[in-house]
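S.K.: Just dropping this structure here.
Every number here is computed from the coordinates shown, using simple stated rules; none is lab data. Since the structure is predicted, the reported quantities are computational estimates derived from the model, not experimental observations. Quick reminder, even Gly has a Cβ in these numbers, built from the backbone with ideal geometry, and neighbours come from all protein chains shown.
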């Protein structure tokens, strides 16, 4: 195969981009090694011989090790720079361009995500996924990750153009029954890639949902330059995408949620988010994890209905499902273990859709 020729009748441009991105990736690795803090001795070529700064391995429990990479610049920093500084402006003038790039972007991610692929493989093995299927699951996972980032650039247009046959809405009657109580509804869900698309589709259909989100979650793939110059910019952009949201780190976060519920609104809580003042340990996908333990307190104080809320796919085929509200005769403390069991079954049933594999 010549470097300038087409492959299988496709444009050679994606392959040229792969070569260029791979070179940038190598340069980023070399530059990151030279400027990594905490080195005790450095060779003339910049290679670190011994590091005196021990970096914790990325882990999920309270995210102690996921503040970010020690490197000055990583491949993710480069991708986010292109996304924010080039992708956003271009999407305004060429609204269809983002989704045209989904397939080559996913292909590029699969070629370059070597470190991510290794971490995903290890974590999926712990969750006892079929060893033979893991490579295909990871390919699909990376495709969903790229697709979600690109769809954020033109979410309103995607929803407006979403064909009826590409949407499956299941259990709407369960949500309507919960809303009829007039005491607010908590939609309990997990971090699946289709979250923002699903909520935007529901908003268009007369179901506005309030999101609860951490303003700057730690990211193990982001380097020091990304955390300094890009993360805040991305979070501001994400706020424009999500719209109505409550910041989980605000001192009055719980009070804001309770006010919304008492006024009869719908609030979405991702039960697999560990950011909370109260936490609990529970088995999840093969190992103990840390989860928020504030759900029971919210239900006791507001008497809101608790409806399991699931979504999967993307704009090419989106499924949104509401389950019946959990019975209020149960003690609120019993809701979280039951929800985690349901979430685990959903993740194992659709592993490529689950966003947090890389953070577990």
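Yes/no matrix, rows are residues, columns are (1) surrounded by fewer than 19 Cβ atoms within 10 Å (Cβ to Cβ); (2) within 26 Å of residue 168 (Cα to Cα):
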| site | (1), (2) |
| --- | --- |
| 262 | yes, no |
| 265 | yes, yes |
| 268 | no, yes |
| 273 | yes, no |
| 282 | yes, no |
| 286 | yes, no |
| 301 | yes, no |
| 307 | no, yes |
| 312 | no, yes |
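S.K.: Next question, about the same structure. In region 182-214, which residues are more than 19 Å from residue 144 (Cβ to Cβ), in a loop (DSSP other than H, G, I, E, B) and touching a helix residue (DSSP H, G or I) at 6+ places or on another chain (Cβ under 6 Å)?
M.R.: Matches in region 182-214: 184, 209.
S.K.: Restricting to region 92-105, give me the number of residues that are more than 25 Å from residue 139 (Cα to Cα) and either part of a helix (DSSP H, G or I) or touching a strand residue (DSSP E or B) at 6+ places or on another chain (Cβ under 7 Å) (or both).
M.R.: The number of residues fulfilling the criteria is 2.
S.K.: Of everything in region 106-130, what is without any contact (Cβ under 8 Å) to a residue 40 or more places away in the chain, closer than 17 Å to residue 351 by Cα and either in contact with a helix residue (DSSP H, G or I) (Cβ under 7 Å, 6 or more places away or on another chain) or in a helix (DSSP H, G or I) (or both)? Give them in sequence order.
M.R.: Of everything in region 106-130, those that are without any contact (Cβ under 8 Å) to a residue 40 or more places away in the chain, closer than 17 Å to residue 351 by Cα and either in contact with a helix residue (DSSP H, G or I) (Cβ under 7 Å, 6 or more places away or on another chain) or in a helix (DSSP H, G or I) (or both) turn out to be 110, 117, 118, 121, 122, 125.
S.K.: Under the condition of being assigned to a helix (DSSP H, G or I) and without any contact (Cβ under 8 Å) to a residue 40 or more places away in the chain, which residue from region 162-172 is surrounded by the fewest Cβ atoms within 10 Å (Cβ to Cβ)?
M.R.: Checking each candidate, the answer is 164.
S.K.: Given the conditions (1) over 30 Å from residue 99 (Cβ atoms); (2) in a helix (DSSP H, G or I), and given that residue 324 satisfies all but one, which numbered condition is not satisfied?
M.R.: (2)
S.K.: Which condition breaks for residue 341 when tested against (1) touching a residue at least 24 places away in the same chain (Cβ under 8 Å); (2) surrounded by fewer than 17 Cβ atoms within 10 Å (Cβ to Cβ); (3) part of a helix (DSSP H, G or I)?
M.R.: (1)
Residue-wise test of (1) over 25 Å from residue 300 (Cβ atoms); (2) surrounded by fewer than 17 Cβ atoms within 10 Å (Cβ to Cβ).
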site	(1), (2)
209	no, no
215	yes, yes
224	yes, no
227	yes, no
232	yes, yes
237	yes, yes
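S.K.: With respect to residue 278, determine if the residue is surrounded by fewer than 17 Cβ atoms within 10 Å (Cβ to Cβ) and over 28 Å from residue 128 (Cα atoms).
M.R.: Yes, satisfied.
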